[in-house]
Ligand code: ASP
């Protein structure tokens, strides 16, 4: 008999594994052994399942770079032993964690599928059960040649599988909480799971993966808005040790043309800070130079984020900054597609 694919189910926390604390009425994490009892169906899947639980499960609002590093280490330690990984994670910052993993694990040859739930597993209408079961099936899916079908970091939620670094949590209440506005789903689950093979990363799955465990947190997101003051800009750009700014601009990458604004950004760039132009719009791409209001940004050396999400921009910048690259190298890599996170347009 053919061997079943071996999958490691990693529990980090999130609503999926929470229970109401009778004392406070708030949701808090429950023990992973309790969770396993709630989904006995997983034993009937065509996968051999082992589980790993973080010692202290977290609400994903508390996820931080140290947590990403721990997750990378767990996957590294278990990489050879398993054919795929399913990570149970809170939805709030799932897109950040998924993006971070996509940069920190190089030459990935196995599926890493993040999933979670909007309603805890213990509730009658939970969406968690279907999410876990299908995420495991996807992690275990193999091509005809026996290689994994989805050698990517992906998010599975409410019948859709997305490339993780293209996702964004857009709805706090609906079951379909995630969207990937600039990249199609890489699989959709109905009666069958339909894989959208031409959009799945098609890398030669033979190289040795790399597990990177450094992150530089010295960045901020600066969302511009009509009325943004000079004082505010100057204070933000003079934060001690600031190395990078994800600049959330209007439309196709546009920003005010006031002298103090452009000069303020230019002074920061001259001091070695890297500025990354990302659109506030959910869909579409930055086109620096399309309007006068973005040409000036291009002229002073702002890096073009094209159609990258803020979540991917933040984690990509933290990852690249930790590598000790020169400012020109940083700008070069920020503008390149390194893990399927952006499309040049
Ligand atoms: N606050 C929760 C978390 O992100 C929400 C969820 O899991 O859906 O951990």
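Any read-out appearing in this document is the output of simple, stated calculations on the displayed coordinates, not a laboratory observation. Every value quoted in this text rests on a predicted model; they were computed, and no experiment measured them. Backbone-built Cβ (ideal geometry, glycine too); neighbour counts: all protein chains shown.
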Task: residue 340 surrounded by fewer than 16 Cβ atoms within 10 Å (Cβ to Cβ) and in contact with a helix residue (DSSP H, G or I) (Cβ under 8 Å, 6 or more places away or on another chain) - done: no
Open item on the list: For segment 157-183, give me each residue that is within 15 Å of the ligand (Cβ to nearest atom) and farther than 27 Å from residue 286 by Cα.
Closed with: 157, 158, 173, 174, 175
TODO: Answer yes if at least one residue in segment 139-152 is under 12 Å from the mean Cα position of the chain (by Cα), more than 14 Å from the ligand (Cβ to nearest atom) and within 23 Å of residue 5 (Cα to Cα), and no otherwise.
DONE: yes
Task: The listed residue being surrounded by fewer than 22 Cβ atoms within 10 Å (Cβ to Cβ) and either within 11 Å of the ligand (Cβ to nearest atom) or more than 17 Å from residue 10 (Cα to Cα) (or both), out of 97, 123, 42 - done: 123
Open item on the list: Residues that are in contact (Cβ under 8 Å) with a residue 40 or more places away in the chain and either in contact with a helix residue (DSSP H, G or I) (Cβ under 7 Å, 6 or more places away or on another chain) or under 22 Å from residue 61 (Cβ atoms) (or both), at least 3 per element: which strands (runs of 3 or more DSSP E) completely within segment 82-195 meet that?
Closed with: 84-88, 112-115, 153-157
Open item on the list: Checking residue 67 against (1) within 16 Å of the ligand (Cβ to nearest atom); (2) in contact (Cβ under 8 Å) with a residue 60 or more places away in the chain; (3) closer than 30 Å to residue 333 by Cα: exactly one of these is not met. Which one?
Closed with: (2)
